[in-house]
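A.B. asks: Quick one: the structure is below, questions incoming.
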Amino acid sequence: MRIAGLLAAAALVAACSHPVPGRPESVAESSAPPPPHTGRTTTTSAPSAAPAPGGAAPAAGASIEEVVRFVEAAAPADAGTYGVAFRDGVTTRLDGGLAFTAPSGEPHGATQCLTTADGLTCLVELTSPPPSPGGEGVWKPGWIDFPGTEVRIGALRGDPGPFVNGAGAELPAGRSLAFGDDRCRSDPAGLFCVNYAHRSGVLVSAAGVVPFGCLQPAPPAAGIGAALRC
């Protein structure tokens, strides 16, 4: 009787271990080899750092559109900070005008600028200034006027003109200042300014003036060292 019971149990085990049609074997699934390596690896990495506002500073030959985008990418500065000029400890309000200083591309240099009824006037110490045209007055080779339709570089002056009240506060690199039809951006390479009305622009630095847009070299007027005009 015991032998008959053992035979019945053995037959039951054999029946349970026989694969059932349509159902995968659990043992086969657990021992199946992993899929072949394809050579591709999926990884999760931190996002790359965002580019600096406006990207790299435009070089000579850049389109006016590129320069405008670069200038506008800078964070606007508070114009109220630049409504005064400083000279010998005296602070003078400019009655609607703006005064500011910006990097000139030299380690210890700076460009001083003032807004005027004619646009923008700046003073910078040029490394290669234009020669004096000769005439009455004190030759200021780094005197730069930018009214939008032209740039005048160098001037014979008999007085300090708009700079009589001194210089303005620093416009930090990466900041911009808007006035009239113009906007300027301070940058380590120098001061980038654009005039929207005439689609013109300049880079002012100790290295000189780089024109953009419609500005082209032109004969200077009397008392001017060099000129660019649209």
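Here, each number is a calculation from the coordinates, and none is a lab measurement. Note that the coordinates shown come from a computational prediction; the quantities given were computed from them, not determined experimentally. We place every Cβ from the backbone using ideal geometry, glycine too, and count neighbours over all the protein chains shown.
A.B. asks: Normalised by the number of residues in the range 64-229, what is the relative contact order in percent for Cα pairs under 8 Å and 6+ residues apart? Write down the numbers at each step before the final one.
C.D. replies: Numbers: 416 pairs, mean separation 43.5, N = 166.
Once normalised by length, the contact order is 26 percent.
A.B. asks: Also, quick follow-up: Under 5 Å between amide H atoms, partner at least 5 residues away or on a different chain: which partners does ALA110 have, H built in plane at 1.01 Å?
C.D. replies: Amide H neighbours of ALA110: SER104, GLU125.
A.B. asks: Also: So what is the relative contact order for the range 117-214, in percent, with contacts set as C-alpha pairs under 8 Å and at least six apart?
C.D. replies: Reported as a whole number, the value is 22 percent.
A.B. asks: Once a ≥ b ≥ c are taken as the square roots of the eigenvalues of the Cα gyration tensor of the range 85-194, is the result rounded (a/c under 1.5), prolate (a/b larger than b/c) or oblate (a/b not larger than b/c)? Show your work: numbers first, answer last.
C.D. replies: Values: a/c = 1.38, a/b = 1.21, b/c = 1.14.
Judged from the Cα gyration tensor, the range 85-194 comes out rounded (a/c under 1.5).
A.B. asks: Using 0.36 nm per residue of separation minus the Cα-Cα distance, give me the extension gain between ALA178 and ALA60 in nm, one decimal.
C.D. replies: That pair, ALA178 and ALA60, stretches by 40.2 nm at full extension.
A.B. asks: Rank-order 215-223, 152-160, 201-209, 85-93 by packing density, defined as the average count of other C-beta atoms within 10 Å over each peptide's residues, highest first.
C.D. replies: With the highest mean Cβ count within 10 Å placed first, the list reads 201-209, 152-160, 215-223, 85-93.
A.B. asks: Listing SER132, SER176 from the residue with the fewest other Cβ atoms within 10 Å to the one with the most, what is the order?
C.D. replies: Going from least to most buried by this count: SER132, SER176.
A.B. asks: Would you mind working out the magnitude of the charge dipole of the range 64-229 relative to its Cα centre, with +1 at each Lys and Arg C-beta and -1 at each Asp and Glu C-beta, to the nearest 20 Debye?
C.D. replies: Magnitude of the dipole: close to 80 debye.
A.B. asks: May I ask you to evaluate 6.51 cos²θ - 1.76 cosθ + 1.60, the Karplus curve with θ = phi - 60°, for each residue of the range 69-79 and list the ³J(HN,Hα) values in order in whole Hz, giving x for glycine and proline?
C.D. replies: 4, 5, 5, 6, 6, 6, 5, x, 8, 6, 4
A.B. asks: Give me the extension gain from VAL138 to ASP78: residue separation times 0.36 nm, minus the current Cα-Cα distance, reported in nm with one decimal.
C.D. replies: 18.1 nm
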